[in-house]
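J.: Sending over a structure as structure tokens; questions will come in a sec.
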Amino acid sequence: MSTVIAQGKTGTPILRLSGVGPRIAERLARLGIHTVEDLLFHLPLRYEDRTRVVPIGSLRMGDAAVVQGEVQLTDIRYARRRMLLSRIADGTGSLTLRFFHFNAAQQATLARGVRVRCYGEVRRGKSGLELVHPEFSVVDAETPLAVAEHLTPIYPTTEGLHQLSLRQFTDRALKLFNDGELELCEWLPADVLAELALPSLSDAVVNLHRPPPDTHIESFASGEHTGQRRLAFEELLAHQLSLQQLRQRVSQHRAVPVQAKRDFSARLIKALGFELTEAQLRVTQEIRDDLSRPTPMQRLVQGDVGSGKTVVAALAALDAIESGYQVALMAPTELLAEQHFQNLSRWCTPLGVQLSWLSGSLKTAPRREAIEQIKIGATQLLVGTHALFQKDVEFANLALIIVDEQHRFGVHQRLALREKGGSEDLFPHQLIMTATPIPRTLAQTAYADLDYSVVDELPPGRKPVDTVVVPDKRRDEVVQRLHQACKQGRQAYWVCTLIEESETLEAQAAEDTAAQLQMALPDLRIGLVHGRLKSDVKESVMQAFKSGELDLLVATTVIEVGVDVPNASLMVIENPERLGLAQLHQLRGRVGRGSVASSCVLLYHGRLSENAQARLAALRDTNDGFEIARRDLELRGPGELLGTRQAGIMRLRIADLQRDIELLPLVHKTARELAKKYPQNVSPLIRRWIGDKVQYRDA
Ligand code: ADP
Ligand code: MG
């Protein structure tokens, strides 16, 4: 991949820099540095302040500082290891230098009366403050050492490439730049920069490599440093532009316009037994508008757990099917796909629609049969997991792909799907549904290539789930409460979680818990589902729970998404602190689907960290998924919220979505303006920050 990026780069080859030969060049390439310009964009991770000598008396623990003093005593000690201790003093105080690795020459250098300057991190030792393995040099009376003129940059590096070399190379690159032998193109027009009150690119770059002594080191961590803000802004802008470009390219593709009579959808709505909410109607209309166009729909539908997205998807599917096309609906887990298959069968079979099922666990013969039916176009609605898009699955005339619970799929998977369903010049419409609400600004950043609808209303009559946070020592109480509820005809979930992402361990925990609960509550009918069970076993357990033959379902987080059993009104989640807020909210969304008041018990073990307390409190305080997402963003950052895969699309070098979130509205605005007023700047910006990544080019 790096070669692909390199091809897209123009600039001064890194070999031109003095001191860089083929071996060093190869190491620099590992850091993504191929040109001198790349090197200038290779920015420090952090800085050290060696610009002033600090009085020893003013040092605090944890400071990294330069001190200077006279050696009072140096000798070798034998504790568990042999070590060299040297005591220095500067009139304001004294401290110890401690070395575990040293030679005779170093020992001799640190003779009594010699003045040394040291740099290191201050720790607390047995006899006061000390520096362990500081860098040090002798200060001569005639040639006093100069202090550093700038904060000292610490660069991300790689094996065989020393910090000092990187500092030297960047020095040389900056000199070329200052001498005008190298240019960094400024792609942000002056009027844009002025409006944003950000420094120019060259000021920002120079400043970040060699910050002047009066720079507050803390300003880098907090994102307040203007040079850093400038580059973070530009990087986010480049990402936004690239997704915008992707969206633009897709809009040039063709799709079949779906113009249905809407007889099917009218019949489904009649048969539902409930009225669609205003939000459902509005989003349905937005989808219909998209579908009727000759360009592929790319729409993300967000909606809180239980807002009724499945019906919306079904209505879209029926329009396409009625117009003579095939539809594929994909879910991330078999359990969820099964649920969809059942609901959709119930809704669509009476209309004469042919449904098929495809999952990884389907046996050879039925699989072959299913594939044949899809290929000849007999299957109108195909439901399943990723298996839907395996190589040998060919569609006759696929017009619409629906992806449920999208947070598990990244942009590249999304693109791959389109390719799969597409023919030479016709692409399917795509509808993507997610129940992990993401604050709008963030959604517009991570999904800038998609249109965006929100089902922002719950069906009437839903009661909020009453949530309590309870320590494990009250487990017996919880078990008794569960018993009572089940004896009153309610149904319950008991969800087991594990820290490690091991399905086997999680399954084991669920099995153990089910056995314990069965012992404690012999009169309850208890079922068990986890990811290790065969799909037909899983399905029959779910069926039994659904039909009320089971009182209690012990489960792993496999039931996180989509499972819909309205009579279940109590949920216990063990070790909830291990999960993200969004995931907990999803889980909790399995109850509160019927008309009885529901409750959720968050049963934690041990002591909760402050952060965990805050997260569980958020869940207790509100049932609003968007509010929960907002708090999750504050507490855990966007990577968690978007899911690692999704966040992976934005492998940011300088910007940090959480730290720089308040830049995002400006980034969006600037991206639109730039594309309009300065279209020639778009590609160079994307190339600078993202390169010509294969995925984006192919899209
Ligand atoms: P989600 O948005 O979480 O996917 P579902 O589509 O699973 O939600 O819907 C949750 C439940 O609400 C289902 O049982 C569904 O039949 C029901 N439902 C959907 N829309 C309405 C409505 N307008 N009125 C009443 N119940 C509805
Ligand atoms: Mg759903």
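The values are calculated or read from the model by the stated rules, or taken from the named source; none is laboratory data. Source: prediction; values computed, not measured. In this analysis, Cβ positions are derived from the backbone assuming ideal geometry, glycine residues included, and neighbour counts consider all displayed protein chains.
J.: I'm told Q390 meets every condition in (1) under 19 Å from E338 (Cβ atoms); (2) buried (at least 18 other Cβ atoms within 10 Å of the Cβ); (3) under 31 Å from the mean Cα position of the chain (by Cα); (4) modelled with pLDDT of 75 or more except one. Can you identify the failing condition by its number?
T.: (2)
J.: Quick test for you: out of L570, L552, L528, pick the one residue that is surrounded by 22 or more Cβ atoms within 10 Å (Cβ to Cβ), away from ligand 1 (no atom under 16 Å from the Cβ) and under 27 Å from V311 (Cβ atoms). So that I can check it myself, show each step before the final result.
T.: Details: L552 fails: under 27 Å from V311 (Cβ atoms); L528 fails: under 27 Å from V311 (Cβ atoms).
None of the others qualify; the one that does is L570.
J.: Of all the residues that make up the range 91-107, how many are outside any strand (DSSP E or B) and either among the acidic types (D, E) or in contact with a Ser or Thr (Cβ under 9 Å, 6 or more places away or on another chain) (or both)? Reasoning before the result, please.
T.: Restricting attention to the range 91-107, the residues satisfying the condition of being outside any strand (DSSP E or B) are 91-93, 100-107.
When the remaining residues are screened for being either among the acidic types (D, E) or in contact with a Ser or Thr (Cβ under 9 Å, 6 or more places away or on another chain) (or both), the result is 92-93, 107.
Count: 3.
J.: Here is a follow-up. Answer yes or no as to whether Y119 is of a type in the set (F, W, Y) and over 27 Å from L164 (Cα atoms). Steps first, please.
T.: Working: of a type in the set (F, W, Y): yes; over 27 Å from L164 (Cα atoms): no.
Answer is no for this residue.
J.: Please determine, by comparing only the residues of the range 269-283 that are farther than 15 Å from V455 by Cβ and out of contact with any helix residue (DSSP H, G or I) (no Cβ under 9 Å at 6 or more places or on another chain), which one is farthest from ligand 2 (Cβ to nearest atom). Steps first, answer last, please.
T.: So in the range 269-283, the residues farther than 15 Å from V455 by Cβ come out as 269-273.
Adding the requirement that they be out of contact with any helix residue (DSSP H, G or I) (no Cβ under 9 Å at 6 or more places or on another chain) leaves 270, 273.
On the way: K270: 22, G273: 18 Å.
Within the range 269-283, the match that is farthest from ligand 2 (Cβ to nearest atom) is K270.
J.: Give me the residue from the range 358-374 that is surrounded by 17 or more Cβ atoms within 10 Å (Cβ to Cβ) and farther than 14 Å from F395 by Cα and, out of that set, farthest from ligand 2 (Cβ to nearest atom).
T.: R367
J.: Taking the conditions exactly as written (assigned to a helix (DSSP H, G or I), modelled with pLDDT of 90 or more and under 30 Å from H429 (Cβ atoms)), does A204 satisfy them or not?
T.: Working: assigned to a helix (DSSP H, G or I): yes; modelled with pLDDT of 90 or more: yes; under 30 Å from H429 (Cβ atoms): no.
Considered against the rule, which asks whether it is assigned to a helix (DSSP H, G or I), modelled with pLDDT of 90 or more and under 30 Å from H429 (Cβ atoms), A204 comes out as no.
J.: For R475, work out the one condition from (1) touching a Cys at 6+ places or on another chain (Cβ under 6 Å); (2) surrounded by fewer than 20 Cβ atoms within 10 Å (Cβ to Cβ) it doesn't fulfil.
T.: Of (1) touching a Cys at 6+ places or on another chain (Cβ under 6 Å); (2) surrounded by fewer than 20 Cβ atoms within 10 Å (Cβ to Cβ), only one is false for R475: (1).
J.: Out of the range 74-90, which residues are touching a helix residue (DSSP H, G or I) at 6+ places or on another chain (Cβ under 8 Å) and not in a strand (DSSP E or B)?
T.: D90
J.: Kindly provide the set of residues from the range 157-182 that are of a type in the set (D, E), in a loop (DSSP other than H, G, I, E, B) and out of contact with any helix residue (DSSP H, G or I) (no Cβ under 8 Å at 6 or more places or on another chain), ordered by number. Break it down stepwise before answering.
T.: Taking the range 157-182 and keeping what is of a type in the set (D, E), we get 159, 171, 179, 181.
Remaining after also requiring in a loop (DSSP other than H, G, I, E, B): 159, 179, 181.
Hits for the range 157-182 are D179, E181.
J.: Give me a count of the residues in the range 306-320 that are near ligand 2 (Cβ under 8 Å from one of its atoms) and either charged (D, E, K, R) or crowded, with 24+ Cβ neighbours inside 10 Å (or both).
T.: Going through the range 306-320 one residue at a time, the tally reaches 1.
J.: Considering the range 561-580 alone, what residues qualify as being within 20 Å of A597 (Cα to Cα) and without any contact (Cβ under 8 Å) to a residue 40 or more places away in the chain?
T.: Answer for the range 561-580, where residues must be within 20 Å of A597 (Cα to Cα) and without any contact (Cβ under 8 Å) to a residue 40 or more places away in the chain: just P566.
J.: Here is a follow-up. For the structure I just gave you, tell me whether V478 is in contact with a strand residue (DSSP E or B) (Cβ under 7 Å, 6 or more places away or on another chain), part of a strand (DSSP E or B), closer than 25 Å to L616 by Cβ and touching a residue at least 60 places away in the same chain (Cβ under 8 Å).
T.: no
J.: If you go through the range 326-345 one residue at a time, do you hit one that is modelled with pLDDT of 95 or more, of a type in the set (V, I, T), within 16 Å of ligand 2 (Cβ to nearest atom) and within 22 Å of I269 (Cα to Cα)?
T.: Looking for residues that are modelled with pLDDT of 95 or more, of a type in the set (V, I, T), within 16 Å of ligand 2 (Cβ to nearest atom) and within 22 Å of I269 (Cα to Cα), one finds none in the range 326-345, hence no.
J.: Now for a different question. Taking the range 322-331 as the region of interest, how many residues are surrounded by fewer than 22 Cβ atoms within 10 Å (Cβ to Cβ) and outside any helix (DSSP H, G or I)? Steps first, please.
T.: Just the residues of the range 322-331 that are surrounded by fewer than 22 Cβ atoms within 10 Å (Cβ to Cβ), to begin with: 322-324.
Next, from what is left, pick out any that are outside any helix (DSSP H, G or I): 323-324.
Here the count works out to 2.
J.: Across the range 275-316, which residue is farthest from ligand 1 (Cβ to nearest atom) among those that are under 24 Å from V393 (Cβ atoms) and part of a helix (DSSP H, G or I)?
T.: Among them, the one singled out is L291.
J.: What number goes with the only condition from (1) part of a helix (DSSP H, G or I); (2) within 16 Å of ligand 1 (Cβ to nearest atom); (3) under 30 Å from G625 (Cβ atoms); (4) in contact (Cβ under 8 Å) with a residue 12 or more places away in the chain that D319 does not pass?
T.: (2)
J.: Still on this structure, please answer the following. In this structure, is R254 modelled with pLDDT of 90 or more, in contact with a strand residue (DSSP E or B) (Cβ under 7 Å, 6 or more places away or on another chain) and farther than 19 Å from E322 by Cβ? It would help to see each step written out before you state the result.
T.: Details: modelled with pLDDT of 90 or more: yes; in contact with a strand residue (DSSP E or B) (Cβ under 7 Å, 6 or more places away or on another chain): yes; farther than 19 Å from E322 by Cβ: yes.
Yes; evaluated as a whole, the condition is true for this residue.
J.: Related question: Check D203 against each of (1) farther than 20 Å from Q228 by Cβ; (2) under 34 Å from the mean Cα position of the chain (by Cα) and name the one condition it does not meet.
T.: Only one criterion in (1) farther than 20 Å from Q228 by Cβ; (2) under 34 Å from the mean Cα position of the chain (by Cα) is unmet by D203, namely (1).
J.: Quick check: anything in the range 214-231 crowded, with 18+ Cβ neighbours inside 10 Å, more than 30 Å from R414 (Cα to Cα) and in contact with a strand residue (DSSP E or B) (Cβ under 9 Å, 6 or more places away or on another chain)?
T.: yes
J.: Looking at (1) over 27 Å from A655 (Cβ atoms); (2) surrounded by fewer than 20 Cβ atoms within 10 Å (Cβ to Cβ); (3) at pLDDT 70 or above, can you tell me which one V455 breaks?
T.: Unmet for V455, out of (1) over 27 Å from A655 (Cβ atoms); (2) surrounded by fewer than 20 Cβ atoms within 10 Å (Cβ to Cβ); (3) at pLDDT 70 or above: (2).
J.: Identify, by number, the condition in (1) surrounded by 15 or more Cβ atoms within 10 Å (Cβ to Cβ); (2) over 21 Å from Q339 (Cβ atoms); (3) modelled with pLDDT of 95 or more that T379 doesn't meet.
T.: Failed condition: (2).
J.: If you go through the range 533-549 one residue at a time, how many are crowded, with 16+ Cβ neighbours inside 10 Å and assigned to a loop (DSSP other than H, G, I, E, B)?
T.: 1
J.: Still on this structure: Kindly check whether there is at least one residue in the range 567-585 that is within 16 Å of ligand 2 (Cβ to nearest atom) and hydroxyl-bearing (S, T, Y).
T.: Within the range 567-585, not a single residue is within 16 Å of ligand 2 (Cβ to nearest atom) and hydroxyl-bearing (S, T, Y).
J.: Now a separate question. Please tell me if D472 is touching a strand residue (DSSP E or B) at 6+ places or on another chain (Cβ under 7 Å), of a type in the set (D, E, K, R) and farther than 25 Å from G580 by Cβ. Before you say what the answer is, go through the steps one by one.
T.: Working: touching a strand residue (DSSP E or B) at 6+ places or on another chain (Cβ under 7 Å): yes; of a type in the set (D, E, K, R): yes; farther than 25 Å from G580 by Cβ: no.
No.
J.: Under the condition of being touching a Cys at 6+ places or on another chain (Cβ under 8 Å) and modelled with pLDDT of 90 or more, which residue from the range 105-135 is farthest from I56 (Cα to Cα)?
T.: First, the residues of the range 105-135 that are touching a Cys at 6+ places or on another chain (Cβ under 8 Å): 131, 134-135.
Checking the rest, the ones that are also modelled with pLDDT of 90 or more come to 131, 134.
Details: L131: 11, P134: 14 Å.
Per the criteria, the residue is P134.
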